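Accompanying notes for the structure given below.
The values are calculated or read from the model by the stated rules, or taken from the named source; none is laboratory data. Given the structure is predicted, the values throughout are model-derived calculations rather than measurements. Cβ coordinates were reconstructed from backbone atoms using ideal geometry, including for glycine residues, and neighbour counts include every protein chain displayed. All accessible areas refer to the heavy atoms of the entire protein, side chains included, with ligands and DNA or RNA removed. Shrake-Rupley method; radii C 1.70, N 1.55, O 1.52, S 1.80 Å.
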Amino acid sequence: AVLLGDGGVLQGLRPGGIVIDCSTAIPSSTQRLCEAVQAAGGRFVDAPMTRTPREAAEGRLNLLVGAEPALFDECRPLLSCFAENITHVGLPGAGHQMKLLHNYVSLGFVALLAEAAACAQRAGIAPATLVEVLAKGGGGGTALERLKPYLLHGDPSGLRFSMANAHKDLGYYRTMAGDCDAAHQIADGVLQTYESASACAGPQALVPELVTLLAAGARADP
């Protein structure tokens, strides 16, 4: 609506104007918008963001940029105003593809860890022991670090990302995988997990709360 709607950006876009899309989107829709911008005489960059609200406040986001190489170089000084790590991942549309791949892996790791932590609770394994063992082995990494405050202290602030956003992003990834005719069996299970959690806890519940929901018996439909 911002771009294509009545009174939208494309109606007032100057020749050669640049549209930088920092949203998270289904890549097939990104291609349609890119073509619309180009037809209006403009240039299009998709630059979705990763990291957390803390890095956003500090101007230290990660950007995944899809753009023609010369246009990427032209826009980089502007992007550097609010991003620390800027990666040119390909032509227009590639940024949104990479964002969905990133979020699928990130949210998939979190869902796997949450399910393991829920099982550990039921089995009587102390959360501190679980965290220590995982951190020293194959379970260590960013996902565990973000879940650790919740596992140890019930504090969800390590990952301030809502169930609704997780469900949305996984749905977008599932659409992309379908469009590419790619394998998606694991993605289906992760998507169902977040869909069930969002329905049980409400869309604004934070992703770390998945541990408690799974421990209480909430689960995806078979």
Worksheet item: Restricting to the chain, what percent of DSSP beta bridges are antiparallel, rounded to 5?
Response: 30
Worksheet item: Can you give the charge dipole size of the chain about its Cα centre, rounded to the nearest 20 debye, using +1 on the beta carbon of Lys and Arg and -1 on the beta carbon of Asp and Glu?
Response: 360
Item to complete: Take the eigenvalues of the Cα gyration tensor for region 34-132, scale each by 5, and report the square roots as semi-axes in whole Å, largest first.
Response: 38, 16, 9
Discussion item. Could you work out what % of the accessible surface of the chain is carbon and sulfur, using a 1.4 angstrom probe and leaving DNA, RNA and ligands out of the count?
Written reply: 56
Discussion item. Rounding to the nearest 10 and keeping the result within 0 to 90°, find how far the Cα-based axis of helix 163-179 lies from the longest principal axis of the chain.
Written reply: 60
Worksheet entry | Semi-axes of the equivalent ellipsoid for region 104-222, Cα gyration tensor, largest first, Å | 24, 16, 13
Worksheet item: Given C-alpha coordinates of the chain, what is the ratio Rg to Rh with the Kirkwood estimate of Rh?
Response: 1.03
Worksheet item: With every protein chain present, what accessible area does Phe82 have (1.4 Å probe, heavy atoms only), rounded to the nearest 10 Å²?
Response: 60
Fill in: Solvent-accessible area per residue for the chain (1.4 angstrom probe, square angstrom)
52
Fill in: Leu61 long-range amide H proximity, modeled H, under 5 Å
Ala83, Glu84
Practice prompt. Could you check the simple spin-label distance between Arg60 and Glu84, using points 7 Å along Cα→Cβ, in nm with one decimal?
Written response: 0.3
Item to complete: Treating cross-link reach as a plain straight distance, find the lysines whose alpha-carbon is under 18 Å from the alpha-carbon of Lys99, omitting any fewer than eight places away in the same chain.
Response: Lys168
Worksheet item: For the chain, what is the relative contact order in percent, using Cα pairs closer than 8 Å and at least 6 residues apart in sequence?
Response: 16
Response to the item:
Residues other than Phe72 with Cβ under 15 Å of its Cβ, Lys/Arg counted +1 and Asp/Glu -1, net out at -3
Response to the item:
With every protein chain in place, the accessible area of Tyr173 for a 1.4 Å probe, in Å² rounded to the nearest 10, comes to 20
Worksheet, complete the sentence: When the chain is treated as a Gaussian network with springs between alpha carbons less than 10 Å apart, the largest mean-square fluctuation among Gly154, Gly90, Gly124 is found at Gly124
Worksheet item: How far, in degrees from 0 to 90, does helix 27-39 lean away from the longest principal axis of the Cα atoms of the chain, to the nearest 10?
Response: 20
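Let's see if you can work this out: charge +1 on each Lys and Arg Cβ, -1 on each Asp and Glu Cβ, no other charges. What is the dipole magnitude of region 1-132 about its Cα centre, in debye to the nearest 20? Intermediate results must be reported in sequence, preceding the final value.
On the way: 9 positive and 12 negative charges, 25 e Å.
Computed charge dipole of region 1-132: roughly 120 debye.
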